[in-house]
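Notes for the one structure printed next.
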Amino acid sequence: MGKKSEKTEKPVEEAMEVEEKPPVEPEAEEEDLNVPAKKKMEILDPKSFEQDPSNLTLILYEEDHTIGNSIKHILSRMDEVEFCGYNVPHPLEDKILFRVQTKDGINALEVLVKAFESVEQIFSTIRGKFEESYEQSIS
Amino acid sequence: MVKKSTTKTTEPDFPSNEILMQEEVVLNTYDECTDYIEYDDTKEFSIPEYCDNIHVAMVNESEDKMTLEFDITHIEAPIANALRRVLIAEVPTMALEKIYLYQNTSVIQDEVLCHRLGLLPLCVDPRGFQFPTEKVVGINEKGVDCDEEPAGDATRNLIFKINVSCTKNRNALPNSTDPKTLYHHSSVYSGSFAWVPIGDQKSNYTDSTTPRMVTDDILVAKLRPGQEIEASCHAVKGIGRDHAKFSPVATASYRLLPTIRLNAEITGEAAERLKSVFSEGVIEIEKKGSKRVAVVKDARKDTCSRNVFRHEDLAKVVQLGKNKQHFIFSVESTGALKSSELVVEACKVMETKCRSLRKQIQALIK
(Lines give C-alpha, C1' and ligand atoms only; values in the text may rest on other atoms or scores of the structure.)
Protein backbone atom coordinates (compact mmCIF):
# COMPACT_ATOMS: atom_id res chain seq x y z
CA MET A 1 0.00 0.00 0.00
CA GLY A 2 2.75 2.39 1.00
CA LYS A 3 4.64 1.83 -2.23
CA LYS A 4 1.55 2.29 -4.31
CA SER A 5 0.74 5.65 -2.84
CA GLU A 6 4.32 6.78 -3.49
CA LYS A 7 3.96 5.84 -7.13
CA THR A 8 0.73 7.71 -7.58
CA GLU A 9 2.14 10.81 -5.95
CA LYS A 10 5.09 11.17 -8.28
CA PRO A 11 3.23 11.80 -11.54
CA VAL A 12 1.14 14.41 -9.81
CA GLU A 13 4.25 16.30 -8.76
CA GLU A 14 5.66 16.12 -12.25
CA ALA A 15 2.46 17.36 -13.79
CA MET A 16 2.45 20.32 -11.48
CA GLU A 17 6.00 21.23 -12.41
CA VAL A 18 5.09 21.23 -16.06
CA GLU A 19 2.13 23.47 -15.40
CA GLU A 20 4.21 25.95 -13.47
CA LYS A 21 6.92 26.46 -16.03
CA PRO A 22 5.20 28.37 -18.85
CA PRO A 23 3.98 31.36 -16.81
CA VAL A 24 7.45 31.83 -15.29
CA GLU A 25 9.27 32.19 -18.59
CA PRO A 26 7.76 35.35 -20.10
CA GLU A 27 7.70 37.19 -16.78
CA ALA A 28 11.33 38.16 -16.89
CA GLU A 29 11.64 41.76 -15.82
CA GLU A 30 9.48 44.70 -14.93
CA GLU A 31 9.37 48.19 -16.30
CA ASP A 32 8.08 51.39 -14.82
CA LEU A 33 5.39 51.58 -17.46
CA ASN A 34 1.77 51.93 -16.48
CA VAL A 35 1.37 48.25 -17.25
CA PRO A 36 3.82 45.82 -15.71
CA ALA A 37 5.73 44.85 -18.83
CA LYS A 38 7.27 41.54 -19.74
CA LYS A 39 9.03 40.61 -22.90
CA LYS A 40 7.25 43.06 -25.14
CA MET A 41 8.71 42.46 -28.59
CA GLU A 42 10.59 40.08 -30.80
CA ILE A 43 11.80 40.11 -34.38
CA LEU A 44 10.23 37.38 -36.45
CA ASP A 45 12.98 35.48 -38.28
CA PRO A 46 15.94 37.57 -36.99
CA LYS A 47 18.37 35.88 -39.40
CA SER A 48 16.68 37.16 -42.52
CA PHE A 49 16.34 40.57 -40.91
CA GLU A 50 20.09 40.67 -40.36
CA GLN A 51 20.64 39.94 -44.02
CA ASP A 52 18.10 42.46 -45.19
CA PRO A 53 17.30 45.12 -42.57
CA SER A 54 14.73 46.74 -44.85
CA ASN A 55 12.42 43.79 -44.38
CA LEU A 56 11.02 43.53 -40.88
CA THR A 57 8.26 41.68 -39.11
CA LEU A 58 8.07 42.63 -35.48
CA ILE A 59 5.97 40.80 -32.90
CA LEU A 60 4.55 43.14 -30.28
CA TYR A 61 3.16 41.35 -27.25
CA GLU A 62 0.22 42.74 -25.31
CA GLU A 63 -0.51 45.29 -28.00
CA ASP A 64 -3.54 45.60 -30.25
CA HIS A 65 -5.18 47.86 -32.82
CA THR A 66 -4.57 50.88 -30.57
CA ILE A 67 -0.85 50.85 -31.33
CA GLY A 68 -1.02 48.84 -34.54
CA ASN A 69 -3.35 51.09 -36.46
CA SER A 70 -1.97 54.42 -35.27
CA ILE A 71 1.63 53.43 -36.09
CA LYS A 72 0.58 52.07 -39.46
CA HIS A 73 -1.22 55.33 -40.10
CA ILE A 74 1.96 57.37 -39.62
CA LEU A 75 4.31 54.89 -41.30
CA SER A 76 2.22 54.84 -44.45
CA ARG A 77 3.01 58.52 -45.02
CA MET A 78 6.76 58.27 -44.45
CA ASP A 79 8.95 58.52 -47.51
CA GLU A 80 11.29 55.70 -46.50
CA VAL A 81 8.46 53.21 -46.28
CA GLU A 82 7.61 50.98 -49.20
CA PHE A 83 4.96 48.92 -47.44
CA CYS A 84 3.59 48.66 -43.93
CA GLY A 85 0.80 46.89 -42.16
CA TYR A 86 -0.12 45.03 -39.03
CA ASN A 87 -2.15 42.00 -38.20
CA VAL A 88 -3.70 40.29 -35.21
CA PRO A 89 -2.91 36.61 -35.81
CA HIS A 90 -5.54 35.31 -33.41
CA PRO A 91 -8.00 37.10 -31.12
CA LEU A 92 -7.04 34.89 -28.17
CA GLU A 93 -3.32 35.54 -28.55
CA ASP A 94 -2.45 38.87 -27.03
CA LYS A 95 -0.04 40.06 -29.70
CA ILE A 96 0.21 41.77 -33.07
CA LEU A 97 2.56 41.30 -35.98
CA PHE A 98 3.91 44.47 -37.50
CA ARG A 99 5.30 44.31 -41.02
CA VAL A 100 7.50 47.08 -42.44
CA GLN A 101 9.26 47.13 -45.80
CA THR A 102 11.53 50.12 -46.27
CA LYS A 103 13.36 51.33 -49.35
CA ASP A 104 16.79 49.89 -50.11
CA GLY A 105 19.48 50.40 -47.49
CA ILE A 106 17.20 51.82 -44.81
CA ASN A 107 16.90 50.00 -41.50
CA ALA A 108 13.25 49.27 -40.84
CA LEU A 109 13.72 49.45 -37.07
CA GLU A 110 15.01 53.00 -37.33
CA VAL A 111 11.98 53.99 -39.37
CA LEU A 112 9.75 52.38 -36.77
CA VAL A 113 11.47 54.38 -34.03
CA LYS A 114 10.64 57.54 -35.96
CA ALA A 115 6.99 56.48 -36.27
CA PHE A 116 6.70 55.89 -32.53
CA GLU A 117 8.26 59.31 -31.93
CA SER A 118 5.68 60.87 -34.24
CA VAL A 119 2.70 59.21 -32.59
CA GLU A 120 4.01 60.28 -29.19
CA GLN A 121 4.32 63.81 -30.50
CA ILE A 122 0.80 63.77 -31.91
CA PHE A 123 -0.70 62.65 -28.63
CA SER A 124 1.28 65.15 -26.60
CA THR A 125 0.00 67.83 -28.98
CA ILE A 126 -3.57 66.64 -28.52
CA ARG A 127 -3.05 66.67 -24.76
CA GLY A 128 -1.58 70.17 -24.82
CA LYS A 129 -4.34 71.53 -27.00
CA PHE A 130 -7.01 69.75 -24.97
CA GLU A 131 -5.72 71.18 -21.69
CA GLU A 132 -5.48 74.65 -23.19
CA SER A 133 -8.96 74.53 -24.62
CA TYR A 134 -10.40 73.07 -21.42
CA GLU A 135 -8.81 75.82 -19.32
CA GLN A 136 -10.39 78.40 -21.60
CA SER A 137 -13.80 76.75 -21.47
CA ILE A 138 -14.04 76.77 -17.67
CA SER A 139 -12.69 80.28 -17.13
CA MET B 1 -0.02 49.72 -48.62
CA VAL B 2 0.62 51.60 -51.83
CA LYS B 3 0.70 55.33 -51.58
CA LYS B 4 -1.53 57.17 -53.96
CA SER B 5 -3.11 60.58 -54.01
CA THR B 6 -6.80 60.41 -53.50
CA THR B 7 -8.06 62.86 -56.04
CA LYS B 8 -11.09 60.93 -57.15
CA THR B 9 -14.39 62.32 -55.93
CA THR B 10 -17.62 60.46 -56.15
CA GLU B 11 -19.64 63.43 -57.30
CA PRO B 12 -18.56 66.58 -59.01
CA ASP B 13 -18.29 69.56 -56.65
CA PHE B 14 -18.51 67.35 -53.57
CA PRO B 15 -15.66 67.98 -51.11
CA SER B 16 -13.18 65.12 -50.83
CA ASN B 17 -12.94 65.48 -47.05
CA GLU B 18 -16.52 64.40 -46.59
CA ILE B 19 -18.36 61.13 -46.62
CA LEU B 20 -21.39 61.29 -48.90
CA MET B 21 -24.54 59.65 -47.57
CA GLN B 22 -27.11 58.55 -50.10
CA GLU B 23 -30.32 56.67 -49.56
CA GLU B 24 -28.90 53.16 -49.78
CA VAL B 25 -25.17 53.73 -49.95
CA VAL B 26 -22.38 55.67 -48.30
CA LEU B 27 -19.75 56.98 -50.70
CA ASN B 28 -16.36 58.61 -50.48
CA THR B 29 -15.43 56.51 -47.46
CA TYR B 30 -12.00 55.29 -46.44
CA ASP B 31 -11.80 52.71 -49.19
CA GLU B 32 -8.81 54.40 -50.76
CA CYS B 33 -5.39 53.05 -49.87
CA THR B 34 -4.84 55.33 -46.90
CA ASP B 35 -7.09 57.04 -44.41
CA TYR B 36 -5.76 60.44 -45.31
CA ILE B 37 -7.69 63.12 -47.08
CA GLU B 38 -6.46 64.04 -50.54
CA TYR B 39 -2.78 64.90 -50.28
CA ASP B 40 0.17 65.87 -52.39
CA ASP B 41 2.56 62.98 -52.88
CA THR B 42 5.46 65.16 -53.87
CA LYS B 43 5.44 67.02 -50.57
CA GLU B 44 7.14 65.42 -47.60
CA PHE B 45 4.87 64.49 -44.71
CA SER B 46 5.74 66.73 -41.79
CA ILE B 47 4.71 65.78 -38.28
CA PRO B 48 5.09 69.30 -36.81
CA GLU B 49 2.83 70.62 -39.55
CA TYR B 50 0.33 67.82 -38.91
CA CYS B 51 0.38 68.62 -35.19
CA ASP B 52 -0.09 72.33 -35.86
CA ASN B 53 -3.24 71.62 -37.80
CA ILE B 54 -4.88 69.61 -35.03
CA HIS B 55 -7.53 71.62 -33.29
CA VAL B 56 -9.35 70.79 -30.07
CA ALA B 57 -12.51 72.54 -28.86
CA MET B 58 -14.81 71.88 -25.93
CA VAL B 59 -18.50 71.54 -26.77
CA ASN B 60 -20.18 70.97 -23.45
CA GLU B 61 -19.55 69.55 -20.03
CA SER B 62 -22.11 68.32 -17.53
CA GLU B 63 -22.38 70.08 -14.20
CA ASP B 64 -20.79 67.21 -12.27
CA LYS B 65 -17.96 67.21 -14.85
CA MET B 66 -18.49 63.51 -15.53
CA THR B 67 -19.75 63.88 -19.10
CA LEU B 68 -17.77 65.80 -21.65
CA GLU B 69 -18.23 66.44 -25.33
CA PHE B 70 -15.38 67.88 -27.36
CA ASP B 71 -14.20 68.17 -30.94
CA ILE B 72 -10.88 67.19 -32.41
CA THR B 73 -10.37 68.26 -35.98
CA HIS B 74 -7.77 67.45 -38.62
CA ILE B 75 -6.90 64.01 -37.37
CA GLU B 76 -7.88 60.74 -38.99
CA ALA B 77 -9.77 57.73 -37.67
CA PRO B 78 -6.70 55.69 -36.56
CA ILE B 79 -5.62 58.48 -34.19
CA ALA B 80 -9.15 59.19 -32.95
CA ASN B 81 -9.79 55.48 -32.50
CA ALA B 82 -6.56 55.01 -30.55
CA LEU B 83 -7.71 57.71 -28.14
CA ARG B 84 -11.12 56.09 -27.78
CA ARG B 85 -9.66 52.63 -27.24
CA VAL B 86 -7.18 53.89 -24.66
CA LEU B 87 -9.99 55.64 -22.77
CA ILE B 88 -12.00 52.45 -22.59
CA ALA B 89 -9.33 49.85 -21.99
CA GLU B 90 -6.07 51.37 -20.87
CA VAL B 91 -6.63 54.22 -18.46
CA PRO B 92 -6.26 52.67 -15.01
CA THR B 93 -8.74 52.83 -12.15
CA MET B 94 -9.16 51.10 -8.81
CA ALA B 95 -11.67 48.29 -8.37
CA LEU B 96 -12.36 45.60 -5.79
CA GLU B 97 -10.31 42.59 -6.81
CA LYS B 98 -10.01 40.34 -3.76
CA ILE B 99 -13.05 39.70 -1.60
CA TYR B 100 -12.40 37.91 1.69
CA LEU B 101 -15.84 36.63 2.57
CA TYR B 102 -16.19 35.89 6.25
CA GLN B 103 -19.90 35.33 6.19
CA ASN B 104 -22.47 35.10 3.45
CA THR B 105 -25.74 33.52 4.40
CA SER B 106 -27.75 35.50 1.85
CA VAL B 107 -29.48 33.75 -1.05
CA ILE B 108 -26.97 35.19 -3.49
CA GLN B 109 -24.07 32.78 -4.03
CA ASP B 110 -20.55 33.62 -2.88
CA GLU B 111 -19.03 33.89 -6.34
CA VAL B 112 -21.94 35.88 -7.74
CA LEU B 113 -21.82 38.27 -4.81
CA CYS B 114 -18.05 38.72 -5.15
CA HIS B 115 -18.41 39.42 -8.84
CA ARG B 116 -21.05 42.02 -8.12
CA LEU B 117 -18.82 43.71 -5.56
CA GLY B 118 -15.99 43.85 -8.08
CA LEU B 119 -18.14 45.82 -10.50
CA LEU B 120 -18.93 48.60 -8.01
CA PRO B 121 -17.31 51.85 -9.17
CA LEU B 122 -14.92 53.34 -6.61
CA CYS B 123 -14.41 57.06 -6.21
CA VAL B 124 -10.65 57.07 -5.76
CA ASP B 125 -7.91 58.80 -7.68
CA PRO B 126 -5.92 55.86 -9.10
CA ARG B 127 -2.90 58.05 -9.87
CA GLY B 128 -1.67 57.78 -6.30
CA PHE B 129 -1.41 54.01 -6.51
CA GLN B 130 0.91 51.47 -8.07
CA PHE B 131 0.01 48.40 -10.05
CA PRO B 132 0.05 45.07 -8.21
CA THR B 133 3.37 43.25 -8.39
CA GLU B 134 1.88 40.03 -9.74
CA LYS B 135 -0.85 39.66 -12.29
CA VAL B 136 -2.87 37.26 -10.17
CA VAL B 137 -2.62 38.48 -6.62
CA GLY B 138 -2.83 36.15 -3.66
CA ILE B 139 -2.52 32.77 -5.36
CA ASN B 140 0.32 30.70 -3.96
CA GLU B 141 2.65 28.35 -5.81
CA LYS B 142 0.17 25.48 -5.49
CA GLY B 143 -2.47 27.52 -7.32
CA VAL B 144 -4.52 27.88 -4.17
CA ASP B 145 -5.88 31.14 -2.82
CA CYS B 146 -4.22 32.26 0.36
CA ASP B 147 -5.61 30.91 3.60
CA GLU B 148 -5.58 34.18 5.43
CA GLU B 149 -6.39 37.74 4.50
CA PRO B 150 -3.17 39.67 3.81
CA ALA B 151 -2.56 43.02 5.44
CA GLY B 152 -2.59 45.01 2.20
CA ASP B 153 0.02 47.33 0.76
CA ALA B 154 -0.62 51.02 1.38
CA THR B 155 0.74 51.96 -2.05
CA ARG B 156 -1.22 49.32 -3.97
CA ASN B 157 -4.39 48.48 -2.05
CA LEU B 158 -7.47 49.98 -0.52
CA ILE B 159 -9.53 48.01 1.95
CA PHE B 160 -13.29 48.32 2.31
CA LYS B 161 -15.21 46.40 4.91
CA ILE B 162 -18.86 45.50 4.90
CA ASN B 163 -20.81 43.88 7.70
CA VAL B 164 -24.57 43.84 7.38
CA SER B 165 -27.07 41.56 9.02
CA CYS B 166 -30.80 41.66 8.60
CA THR B 167 -33.06 41.71 11.66
CA LYS B 168 -36.78 41.95 12.31
CA ASN B 169 -38.24 45.36 13.02
CA ARG B 170 -40.18 44.92 16.23
CA ASN B 171 -41.88 48.28 15.80
CA ALA B 172 -43.36 47.41 12.42
CA LEU B 173 -47.10 47.64 12.06
CA PRO B 174 -48.71 44.18 12.29
CA ASN B 175 -50.45 44.50 8.93
CA SER B 176 -47.45 45.82 7.01
CA THR B 177 -46.07 43.73 4.12
CA ASP B 178 -43.23 45.91 2.91
CA PRO B 179 -39.84 44.29 3.71
CA LYS B 180 -38.38 47.77 4.14
CA THR B 181 -40.60 48.40 7.16
CA LEU B 182 -40.75 44.79 8.40
CA TYR B 183 -36.98 44.33 8.61
CA HIS B 184 -33.82 46.30 9.23
CA HIS B 185 -31.24 46.09 6.44
CA SER B 186 -33.42 44.08 4.08
CA SER B 187 -31.48 45.64 1.21
CA VAL B 188 -27.72 46.02 1.17
CA TYR B 189 -26.55 49.13 -0.66
CA SER B 190 -23.11 50.19 -1.78
CA GLY B 191 -23.22 52.82 0.96
CA SER B 192 -22.68 50.14 3.62
CA PHE B 193 -19.00 49.82 2.75
CA ALA B 194 -16.60 51.43 5.17
CA TRP B 195 -13.09 52.33 4.13
CA VAL B 196 -10.37 51.01 6.43
CA PRO B 197 -7.09 52.89 5.94
CA ILE B 198 -3.92 50.82 5.65
CA GLY B 199 -1.05 52.31 7.63
CA ASP B 200 -0.94 56.07 7.17
CA GLN B 201 -3.18 56.10 4.10
CA LYS B 202 -5.54 58.48 5.85
CA SER B 203 -3.04 61.32 5.60
CA ASN B 204 -3.23 61.18 1.79
CA TYR B 205 -6.88 62.19 1.71
CA THR B 206 -8.98 65.10 2.80
CA ASP B 207 -12.62 64.75 3.82
CA SER B 208 -13.85 65.35 0.29
CA THR B 209 -11.44 62.89 -1.32
CA THR B 210 -11.91 60.02 1.14
CA PRO B 211 -12.06 56.71 -0.75
CA ARG B 212 -15.66 55.64 -1.16
CA MET B 213 -18.16 54.28 -3.63
CA VAL B 214 -19.17 56.66 -6.42
CA THR B 215 -22.83 56.29 -5.42
CA ASP B 216 -24.22 54.97 -2.17
CA ASP B 217 -27.51 53.67 -3.59
CA ILE B 218 -26.41 50.70 -5.70
CA LEU B 219 -28.33 47.63 -4.60
CA VAL B 220 -25.82 44.88 -3.80
CA ALA B 221 -27.99 42.14 -2.25
CA LYS B 222 -31.26 41.54 -0.47
CA LEU B 223 -31.43 39.92 2.96
CA ARG B 224 -34.06 38.44 5.24
CA PRO B 225 -33.90 38.16 9.04
CA GLY B 226 -31.00 35.98 10.15
CA GLN B 227 -29.00 36.43 6.97
CA GLU B 228 -25.78 38.38 6.92
CA ILE B 229 -22.90 39.43 4.75
CA GLU B 230 -19.48 40.13 6.19
CA ALA B 231 -16.56 40.75 3.91
CA SER B 232 -13.28 42.55 3.59
CA CYS B 233 -12.66 43.82 0.08
CA HIS B 234 -9.25 44.71 -1.31
CA ALA B 235 -9.12 47.08 -4.25
CA VAL B 236 -6.24 47.11 -6.71
CA LYS B 237 -5.25 49.26 -9.66
CA GLY B 238 -5.97 47.76 -13.06
CA ILE B 239 -6.91 48.50 -16.65
CA GLY B 240 -10.03 47.74 -18.65
CA ARG B 241 -8.07 45.47 -20.94
CA ASP B 242 -7.76 43.04 -18.05
CA HIS B 243 -11.34 43.33 -16.78
CA ALA B 244 -14.20 45.69 -17.66
CA LYS B 245 -14.60 46.67 -14.01
CA PHE B 246 -11.38 48.68 -14.33
CA SER B 247 -12.69 50.69 -17.28
CA PRO B 248 -12.88 54.34 -16.23
CA VAL B 249 -15.65 55.23 -18.68
CA ALA B 250 -19.25 54.22 -19.09
CA THR B 251 -18.92 55.17 -22.74
CA ALA B 252 -16.24 56.85 -24.76
CA SER B 253 -17.24 57.30 -28.36
CA TYR B 254 -16.75 59.52 -31.35
CA ARG B 255 -18.84 60.40 -34.37
CA LEU B 256 -18.20 62.50 -37.42
CA LEU B 257 -19.72 65.93 -37.83
CA PRO B 258 -22.74 65.70 -40.17
CA THR B 259 -23.05 68.17 -43.01
CA ILE B 260 -26.32 69.08 -44.72
CA ARG B 261 -26.48 70.95 -48.01
CA LEU B 262 -29.68 72.35 -49.44
CA ASN B 263 -29.05 72.77 -53.15
CA ALA B 264 -32.24 74.71 -53.79
CA GLU B 265 -34.50 77.03 -51.89
CA ILE B 266 -37.11 75.00 -50.04
CA THR B 267 -40.20 76.94 -49.10
CA GLY B 268 -43.71 76.62 -47.76
CA GLU B 269 -45.12 73.18 -47.07
CA ALA B 270 -41.92 71.46 -48.26
CA ALA B 271 -39.91 73.49 -45.73
CA GLU B 272 -42.15 72.33 -42.90
CA ARG B 273 -41.79 68.78 -44.09
CA LEU B 274 -38.01 69.11 -44.30
CA LYS B 275 -37.94 70.41 -40.75
CA SER B 276 -39.99 67.47 -39.53
CA VAL B 277 -37.84 64.74 -41.10
CA PHE B 278 -34.72 65.89 -39.27
CA SER B 279 -34.05 65.83 -35.54
CA GLU B 280 -35.23 68.85 -33.63
CA GLY B 281 -33.08 71.94 -34.05
CA VAL B 282 -31.38 70.82 -37.24
CA ILE B 283 -33.58 72.72 -39.69
CA GLU B 284 -35.27 76.02 -38.88
CA ILE B 285 -37.59 78.11 -40.96
CA GLU B 286 -36.73 81.73 -41.63
CA LYS B 287 -38.87 84.44 -43.11
CA LYS B 288 -37.51 85.87 -46.32
CA GLY B 289 -39.88 88.61 -47.45
CA SER B 290 -43.21 86.87 -47.82
CA LYS B 291 -41.67 83.39 -48.20
CA ARG B 292 -40.84 80.96 -45.42
CA VAL B 293 -37.50 79.35 -46.27
CA ALA B 294 -35.86 76.33 -44.67
CA VAL B 295 -32.26 76.82 -43.49
CA VAL B 296 -29.76 74.47 -41.84
CA LYS B 297 -29.47 75.69 -38.29
CA ASP B 298 -27.32 73.09 -36.56
CA ALA B 299 -26.15 70.05 -38.50
CA ARG B 300 -24.39 68.72 -35.39
CA LYS B 301 -27.76 67.68 -33.94
CA ASP B 302 -28.53 65.45 -36.91
CA THR B 303 -28.71 61.74 -36.11
CA CYS B 304 -27.91 60.84 -39.74
CA SER B 305 -31.11 58.84 -40.07
CA ARG B 306 -31.32 59.84 -43.76
CA ASN B 307 -35.08 59.98 -43.33
CA VAL B 308 -35.17 62.88 -45.80
CA PHE B 309 -34.49 60.53 -48.72
CA ARG B 310 -37.91 58.99 -48.32
CA HIS B 311 -39.38 62.18 -49.72
CA GLU B 312 -38.75 62.16 -53.44
CA ASP B 313 -38.92 65.90 -53.96
CA LEU B 314 -36.64 66.68 -51.01
CA ALA B 315 -34.14 63.91 -51.83
CA LYS B 316 -33.28 65.65 -55.10
CA VAL B 317 -32.13 68.86 -53.47
CA VAL B 318 -30.68 67.70 -50.14
CA GLN B 319 -27.14 66.39 -49.87
CA LEU B 320 -26.06 64.70 -46.66
CA GLY B 321 -22.46 64.13 -45.68
CA LYS B 322 -20.05 63.77 -42.80
CA ASN B 323 -16.76 65.55 -42.31
CA LYS B 324 -14.08 62.86 -42.22
CA GLN B 325 -11.67 64.94 -40.18
CA HIS B 326 -14.03 66.33 -37.60
CA PHE B 327 -14.43 63.98 -34.63
CA ILE B 328 -17.02 64.69 -31.98
CA PHE B 329 -15.93 62.82 -28.87
CA SER B 330 -18.24 62.01 -26.03
CA VAL B 331 -16.69 60.75 -22.81
CA GLU B 332 -18.75 59.66 -19.84
CA SER B 333 -16.76 58.88 -16.71
CA THR B 334 -17.86 56.30 -14.15
CA GLY B 335 -16.88 58.68 -11.37
CA ALA B 336 -13.30 58.11 -10.27
CA LEU B 337 -11.88 60.94 -12.37
CA LYS B 338 -13.45 63.82 -14.23
CA SER B 339 -13.90 63.21 -17.96
CA SER B 340 -11.45 65.97 -18.77
CA GLU B 341 -8.83 64.32 -16.57
CA LEU B 342 -9.49 60.99 -18.27
CA VAL B 343 -8.74 62.41 -21.71
CA VAL B 344 -5.48 63.89 -20.43
CA GLU B 345 -4.61 60.56 -18.79
CA ALA B 346 -5.43 58.70 -21.99
CA CYS B 347 -3.03 60.88 -23.97
CA LYS B 348 -0.37 60.28 -21.35
CA VAL B 349 -0.92 56.51 -21.50
CA MET B 350 -0.49 56.61 -25.26
CA GLU B 351 2.67 58.71 -24.91
CA THR B 352 4.29 56.42 -22.34
CA LYS B 353 3.31 53.42 -24.42
CA CYS B 354 5.00 54.85 -27.50
CA ARG B 355 8.03 55.93 -25.50
CA SER B 356 8.59 52.55 -23.90
CA LEU B 357 8.08 50.65 -27.15
CA ARG B 358 10.42 53.04 -28.92
CA LYS B 359 13.11 52.44 -26.31
CA GLN B 360 12.71 48.72 -26.69
CA ILE B 361 13.07 48.99 -30.45
CA GLN B 362 16.17 51.12 -30.01
CA ALA B 363 17.56 48.39 -27.78
CA LEU B 364 16.97 45.93 -30.61
CA ILE B 365 18.99 48.05 -33.04
CA LYS B 366 22.10 47.93 -30.87
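Within segment A:62-69, identify whether any single residue is on the phi > 0 side of the Ramachandran plot, under 18 Å from the mean Cα position of the chain (by Cα) and within 9 Å of chain B (Cβ to nearest Cβ), and answer yes or no. Steps first, answer last, please.
So in segment A:62-69, the residues on the phi > 0 side of the Ramachandran plot come out as A:62.
Still in the list and also under 18 Å from the mean Cα position of the chain (by Cα): A:62.
Subset that is within 9 Å of chain B (Cβ to nearest Cβ): A:62.
So far as segment A:62-69 goes, yes, one or more of its residues are on the phi > 0 side of the Ramachandran plot, under 18 Å from the mean Cα position of the chain (by Cα) and within 9 Å of chain B (Cβ to nearest Cβ).
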Criterion violated by B:Asp110 - all others in (1) more than 25 Å from the chain's Cα centre (by Cα); (2) more than 10 Å from chain A (Cβ to nearest Cβ); (3) under 21 Å from A:Gly68 (Cα atoms) satisfied: (3)
Residues satisfying the stated conditions in segment B:65-76, i.e. in contact with a Lys or Arg (Cβ under 8 Å, 6 or more places away or on another chain) and either in a helix (DSSP H, G or I) or open to solvent by 20 Å² or more (accessible area, probe 1.4 Å) (or both): B:Lys65, B:Met66
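So that you can scan it fast, the table gives a plain yes or no per residue for (1) assigned to a strand (DSSP E or B); (2) modelled with pLDDT under 95:
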| position | (1), (2) |
| --- | --- |
| B:Ser253 | yes, no |
| B:Ala264 | no, yes |
| B:Glu286 | yes, yes |
| B:Cys304 | no, yes |
| B:Gln319 | yes, yes |
| B:Gln325 | yes, yes |
| B:Ser330 | yes, no |
| B:Ala363 | no, yes |
Test: residue in segment B:222-245 that is surrounded by fewer than 21 Cβ atoms within 10 Å (Cβ to Cβ), touching a strand residue (DSSP E or B) at 6+ places or on another chain (Cβ under 8 Å), of a type in the set (A, V, I, L, M) and in contact (Cβ under 8 Å) with a residue 60 or more places away in the chain: no
Among (1) modelled with pLDDT of 95 or more; (2) within 7 Å of chain A (Cβ to nearest Cβ) - the single one B:Val59 does not satisfy: (2)
Among residues of segment B:173-195, those that are within 25 Å of B:Ser333 (Cα to Cα) and open to solvent by less than 70 Å² (accessible area, probe 1.4 Å), counted: 7
Residue under evaluation B:Val343, criteria (1) out of contact with any Asp or Glu (no Cβ under 8 Å at 6 or more places or on another chain); (2) free of Cβ contacts under 8 Å to residues at least 60 places away in the same chain; (3) among the aliphatic types (A, V, I, L, M); (4) within 14 Å of chain A (Cβ to nearest Cβ), criterion not met: (2)
Residues of segment B:285-315 that turn out to be surrounded by 11 or more Cβ atoms within 10 Å (Cβ to Cβ) and small (Gly, Ala, Ser), as a count: 4
Residues of segment A:100-137 satisfying the condition of being within 22 Å of B:Pro48 (Cβ to Cβ), more than 7 Å from chain B (Cβ to nearest Cβ) and either in contact with a Phe, Trp or Tyr (Cβ under 7 Å, 6 or more places away or on another chain) or open to solvent by 40 Å² or more (accessible area, probe 1.4 Å) (or both): A:Ile106, A:Lys114, A:Glu132
Residue list for segment B:81-103, restricted to those being surrounded by fewer than 20 Cβ atoms within 10 Å (Cβ to Cβ) and more than 9 Å from every other protein chain (Cβ to nearest Cβ): B:Tyr100, B:Leu101, B:Tyr102, B:Gln103
Index of the failed condition, A:Ser70 passing every other in (1) assigned to a helix (DSSP H, G or I); (2) modelled with pLDDT under 85; (3) out of contact with any Lys or Arg (no Cβ under 9 Å at 6 or more places or on another chain): (2)
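Residues B:Leu274, B:Leu219: which one is farther than 30 Å from B:Ser192 by Cα and either open to solvent by less than 80 Å² (accessible area, probe 1.4 Å) or not hydrophobic (A, V, I, L, M, F, W, C) (or both)? Steps first, please.
Numbers: B:Leu219 fails: farther than 30 Å from B:Ser192 by Cα.
That would be B:Leu274, the only listed residue that is farther than 30 Å from B:Ser192 by Cα and either open to solvent by less than 80 Å² (accessible area, probe 1.4 Å) or not hydrophobic (A, V, I, L, M, F, W, C) (or both).
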Residues of segment A:70-91 that turn out to be more than 10 Å from chain B (Cβ to nearest Cβ) and touching a strand residue (DSSP E or B) at 6+ places or on another chain (Cβ under 9 Å), as a count: 5
Filtered residue count, segment B:38-64, keeping only those that are under 21 Å from B:Ser340 (Cβ atoms) and not in a strand (DSSP E or B): 5
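The values are calculated or read from the model by the stated rules, or taken from the named source; none is laboratory data. The shown structure was predicted, so the numbers you read here are calculated from the model rather than taken from an experiment. Note that each Cβ is placed from the backbone with ideal geometry, even for glycine, and that neighbours are counted across all protein chains shown. Accessible surface is based on the protein model in full, side chains and every heavy atom, while ligands, DNA and RNA are left aside. Shrake-Rupley method; radii C 1.70, N 1.55, O 1.52, S 1.80 Å.
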